[in-house]
Each structure stands twice: as C-alpha cells, then as structure tokens.
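The values are calculated or read from the model by the stated rules, or taken from the named source; none is laboratory data. Since the model is a prediction, treat every value here as computed from it, not as a measurement. A quick note on method: Cβ atoms are made from the backbone with ideal geometry, for glycine too, and the neighbour counts reach across all protein chains shown. Accessible surface areas use protein heavy atoms only, side chains included; no ligands, DNA or RNA. Shrake-Rupley method; radii C 1.70, N 1.55, O 1.52, S 1.80 Å.
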Amino acid sequence: MILRRWTTVLAISIGISSAAPIPRHLIRTSGALTESSPRAPREIGDQFTAAQMDAPGLYLAKEYKTAHNGVTHLVYRQRFQGIEIHLSEWRVNIDSDGRVINAGGSLFQAPSARPASAARLAEAARAALAAVNPILAREATLRRSGMTGRGDARFLADGMGELTGRPVWYPIRGVLQPAWNFVVTDADGITTYD
C-alpha cells in the first residue's frame, strides 16, 4: 500500500545550488503537475515557473504547439547584463486542458564575473579559427570588418570565410564565465561551425 501511494505522487526534483547550474526535472508518475486551467499557456507557464524557482534573467524564447496531441511547449532561456547564457534552457509542457504535464532544464545563478572583454576579441577569434582549420589559421591574416546587423563582431580571414562573434556566458563546472561564441565559415565558403 505504501509503495503504491509513493508511485502515484512521486515528483522528481533535483536541487538548486548557487555554484552549479539548476538542473531540475519535474514530472509526476500519474497525472499532471497542476490542475486544468482556462488561462493562456504562456500565463500558466510563467506562473508555474515563478512558483518553482527564482531564476534571474529568464525570458520566453520560443512557444509552439504539437498538432497531434495539443501540447504547448514553452522554452525559456536566460541572459544576464543583456548577454545570453550558453546552454541555459527551461521547458514547460502544457496539455490541451491547461495542465502542466512536466517541466525541466538547467538554469544558472547570476555570474560574479564581468562580461567578456573586447580587448581579447581578436585572440578569441583566432582561437575559433584555429579550432576549425588549424593549418589555414596559422597562415591567415585576420582583420576586423565591423559589426553585423544584430551587433556581432565580424572578422575576415584570408583563405577562410567570415567569422562572427558575440559575447556569451559559458558554464564551466557550473560557474558562468565570460566567453565569446563564434560562427566560423570554413574555406569552402559553405560549412559553418558554431
């Protein structure tokens, strides 16, 4: 009898740590996590998420509905100081009756470091180039060529394509560190690496 009761109310919740990401997955073995609601899925997801945790910098990045089962999927991400956190994501899935059926993801506490310095941008661009094509990177002349429409730094490299970079927060052992995320177009002019 005790085992049966345990399985009907079990919810998985992996704890929160200030030094590590907040990996958390909420699911009930029988039934939804909330009662049905006539409210809009986004409102349901926002309220549910706020009740679960304090996750600074959280914003709704994507919302879509699966046609075959009517489930609305909300995908939240984080940013601090206007800079995206690489690998942050929190998902809330809401059925057609307005019930949260599960939620989960990894979120992070605010970083203590400062954002990535523009002074090291060229060094980061060269490292990205070398990771894609080390032979050409040794020979290439790398030169800054302005900004993209969304504010990313743009570089051109002889014998290679374009590099664009933007500052990000990157988790290393659960602690957010300032970094640069580059998209590098290889020498074929087609293949890109992120």
Test: Ser13 is part of a loop (DSSP other than H, G, I, E, B), open to solvent by 30 Å² or more (accessible area, probe 1.4 Å) and either modelled with pLDDT of 85 or more or more than 22 Å from Gln177 (Cβ to Cβ) (or both): yes
Restricting the stretch 142-178 to residues that are β-branched (Val, Ile, Thr) and in contact with a strand residue (DSSP E or B) (Cβ under 7 Å, 6 or more places away or on another chain), the residue that is modelled with the lowest pLDDT: Thr148
Matching option when the condition is at pLDDT 95 or above, open to solvent by 30 Å² or more (accessible area, probe 1.4 Å) and over 30 Å from Ala140 (Cβ atoms), among Pro56, Pro38: Pro38
Which listed residue, of Gly105, Gly98, is within 13 Å of the chain's Cα centre (by Cα) and either of a type in the set (Asp, Glu) or modelled with pLDDT of 90 or more (or both): Gly105
Among the residues listed as Thr49, Thr72, Thr66, the single one being free of Cβ contacts under 8 Å to residues at least 12 places away in the same chain and open to solvent by less than 40 Å² (accessible area, probe 1.4 Å): Thr66
Hits in the stretch 143-194 - residues which are under 14 Å from Ala116 (Cα atoms) and open to solvent by 30 Å² or more (accessible area, probe 1.4 Å): Arg166, Pro167, Tyr170, Gln177, Pro178, Trp180
